Every structure is written in C-alpha cells, then in structure tokens.
Amino acid sequence: MKRDIHIVGNWKMNQTLQAISDFFVEMSKMKMELKCQAWIAPQALHIPILKEIAFTTGAIAIGAQNCSEHDSGAYTGEISPLALADLGVEFVIIGHSERRTIYKEDNPLLNKKVLAALKHNLKVIYCVGETLLERESNLTFDVLEEQLAEGLKNISSDKLPLLLIAYEPVWAIGTGKTASAEQAEEAHAFIRSKLSAGAESTIILYGGSVKPDNIDMLLSKENIDGALVGGASLKAADFRALCSSASAYETRKG
Ligand code: PEP
C-alpha cells in the first residue's frame with residue numbers, strides 16, 4: 001500500500017464569496033502540476049459552493065470541519081454526517097483542538113462523531129495533539145495515546161482505509177511556532193505505532209503553522225504524509241506553493 005501526500009486546508013470561519021472565487025481562479029492555473037491530494041474544508045455554509053467549483057475544476061476534494069454524532073433530529077445548529085454524505089462531501093475533520101478546547105468536545109464524544117461519519121463512508125481526519133503544558137510535563141505521548149485509544153474505539157476494519165490522523169500540537173496552531181521536523185516525526189512514528197491493523201498505510205498529517213517555507217523540511221520525514229493547514233491555506237498563492245512542494249514528493253511506501 002502507498003500513502004499519497006495530502007495538503008488539507010482548514011479554512012475555519014473565514015472567506016467570503018468573493019475571496020472563494022478569487023482563490024479558485026488562482027488555483028485553476030496550477031491544475032496540470034497538481035500531483036498531491038489537495039483538500040479544502042470551508043465553513044459549512046460554503047460547502048455546496050465549493051463542491052460546485054471543485055466539480056468544475058476537478059482537482060480539489062471538499063470536506064467539513066466538524067459533524068454531529070447524530071444523523072438527524074432535534075439538534076439545532078448541528079451538521080449532519082448524513083447530510084454531508086448526501087451532498088457528496090468527501091471528508092470531515094473531527095477533534096480539531098479548537099473543537100476540543102472552545103466547544104469542550106472530549107474523546108468519548110469525538111469517538112461517536114468518528115463512528116457516525118465513517119458509517120456514511122466519509123473520510124475522517126481525526127486530530128490529536130498536546131498542549132504546551134503537557135509537552136513541558138513530558139505528557140505528550142500519554143495524551144496522544146489516550147486521544148487515539150478513546151477517540152478511535154470500535155472502528156471496524158473495513159472502515160480503517162477511510163481514517164486519516166492529524167498530529168497538531170496545540171502550541172503550534174496559529175502561533176507561528178512549528179514543531180521541529182524531528183519533534184513532528186517522533187510524534188508521527190509514535191502515533192503509527194499505536195494504530196492497529198493498516199497502520200503502515202494510514203495517512204498521518206502534521207498541522208501547526210505550516211507554511212511554504214517549512215513544508216519541505218516536514219515532508220522530508222518518513223512518517224509525515226502531508227499537512228493540515230490553517231492560515232496559509234487561505235491565500236491561493238500559499239496553498240499553491242504548498243501543493244507544489246507536496247507534488248514533488250513521491251507517495252510514501254506503506
Ligand atoms: C489548523 O487550524 O489546523 C492549523 C494547523 O492552523 P495553522 O496552520 O494556522 O497553525
């Protein structure tokens with residue numbers, strides 16, 4: 001099994017219709033060079049618009065930043081995984097640190113969300129990562145192990161190919177501080193060692209202040225299969241530069 005290199009943009013609660021249009025005009029110029037997987041998760045309201053544009057340009061997969069653990073019902077304001085699948089959405093990010101911290105989503109809830117998304121055959125990017133305090137207290141591996149063990153319970157083996165992991169040290173998200181390539185590789189190797197069957201083919205992304213000028217050093221590491229990118233994914237020039245760097249790497253051998 002091989003592991004494709006992925007560049008995944010998490011647009012968070014950003015972008016206007018004009019900004020989206022400008023972004024894709026710019027992106028369409030690089031269609032021929034794109035040899036990596038390029039994915040974008042816009043805010044939920046914009047998903048159908050991006051799906052339409054991606055259908056026309058053909059090169060970018062569109063996903064959601066979150067979903068409910070329920071398919072339907074009286075859950076005002078939630079995003080149904082069934083509705084995402086119905087729209088043809090390809091993937092969903094679950095367990096981003098902003099969801100864990102601001103919205104108090106814990107591992108058992110995230111496990112329900114992971115299972116709900118997989119049930120509809122959505123690819124899942126499950127995010128894990130330690131805070132600065134946890135790193136400084138030598139708790140990084142304990143935290144990662146718990147997030148993986150609790151968040152990924154009861155996944156049936158036929159759904160494992162749909163699972164991706166993002167290692168995002170909380171102290172590196174939106175702060176301009178990137179983990180060194182060695183710190184990231186150490187965490188990725190640890191994560192891979194904790195995944196059960198199929199670990200060698202599981203895509204593990206790094207996230208945390210990834211930019212065009214640090215992507216190469218990260219992708220040079222054996223267990224880093226791409227990046228989950230916030231700030232630098234909002235500008236087409238930066239996203240293009242990231243995809244272009246990633247396109248230069250061969251797929252990993254799993
Ligand atoms: C993120 O939101 O997942 C992220 C990694 O953000 P940034 O690239 O801005 O640090």
- Isotropically averaged projected area of the chain, using the convex hull of Cα atoms (one quarter of hull area), nm²: 12.5
- Those trypsin sites (Lys or Arg not before Pro) from region 23-121 that are DSSP loop and have at most 13 other Cβ neighbours within 10 Å turn out to be K29, K104
- Query: Got a sec to turn the phi values of region 94-105 into Karplus ³J(HN,Hα) couplings, 6.51 cos²θ - 1.76 cosθ + 1.60 with θ = phi - 60°, whole Hz, x for Gly and Pro?
  - Reply: 10, x, 4, 4, 5, 6, 5, 7, 6, 9, 6, 7
- Query: Share of antiparallel DSSP beta bridges in the chain, in percent to the nearest 5?
  - Reply: 5
- Query: Quick one: what does P(r) look like for region 63-127 with 5 Å bins over all Cα pairs, in whole %?
  - Reply: 4, 21, 33, 25, 15, 3
- What number, rounded to the nearest 500 deg cm²/dmol, is the helix-based mean residue ellipticity at 222 nm of the chain, given -39500 (n - 2.57) per DSSP H run of at least four residues and division by all its residues? -11000 deg cm²/dmol
- Message: If packing is taken as the average number of other Cβ atoms within 10 Å across a peptide's residues, how do 166-172, 220-226 rank, most packed first?
- Response: 166-172, 220-226
- Query: Amide H to amide H, which residues 5 or more places from K123 or on other chains are under 5 Å from it, using H placed in the peptide plane?
  - Reply: F91, V92
- Candidate cut points under trypsin sites (Lys or Arg not before Pro) in region 131-164, DSSP loop plus at most 14 other Cβ atoms within 10 Å of their own Cβ, are K153
- Largest-first principal axis extents of the Cα set of region 130-252 (Å): 41, 35, 23
- Message: Whole-Hz ³J(HN,Hα) for each residue in region 38-53, computed from phi via Karplus 6.51 cos²θ - 1.76 cosθ + 1.60 with θ = phi - 60°, x for glycine and proline: what do you get?
- Response: 10, 10, 9, 10, x, 5, 4, 4, 8, 4, x, 5, 5, 4, 4, 5
- Message: Nothing charged except the Cβ atoms of Lys and Arg (+1) and of Asp and Glu (-1): what's the magnitude of the dipole of region 6-253 about its Cα centre? Round to the nearest 20 debye.
- Response: 480
- Note on the structure: Along the dipole axis of the chain (charges at Cβ: +1 for Lys and Arg, -1 for Asp and Glu; origin at the Cα centre), the most positive-end residue among L45, A179, I204 is L45
- Task: For region 1-93, go through all pairs of different Cα atoms, get the mean of 1/r, take its inverse, and jot down that Kirkwood value in Å.
- Result: 14.1
- Note on the structure: Note, region 62-72: 3J(HN,Hα) by Karplus (6.51, -1.76, 1.60, θ = phi - 60°), whole Hz, Gly/Pro = x, goes 10, x, 10, 8, 5, 8, 6, 7, 10, 7, 6
- Message: Run the Debye formula on the Cα coordinates of region 25-155, all scatterers equal and no solvent, and tell me log10 I(q)/I(0) at q = 0.12, 0.13, 0.15 1/Å.
- Response: -0.54, -0.62, -0.78
- Taking a threshold of 20 Å on the Cα-Cα distance, which of the pairs K2/K51; K29/K51; K104/K177; K12/K113; K2/K112 fall above it? K2/K51; K104/K177; K2/K112
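Computed from the coordinates by the stated procedures, all read-outs in this text should not be read as laboratory data. In this text the structure is predicted, and so the values were computed from the model without any measurement. Virtual Cβ from ideal backbone geometry, glycine too; neighbours counted across all protein chains shown.
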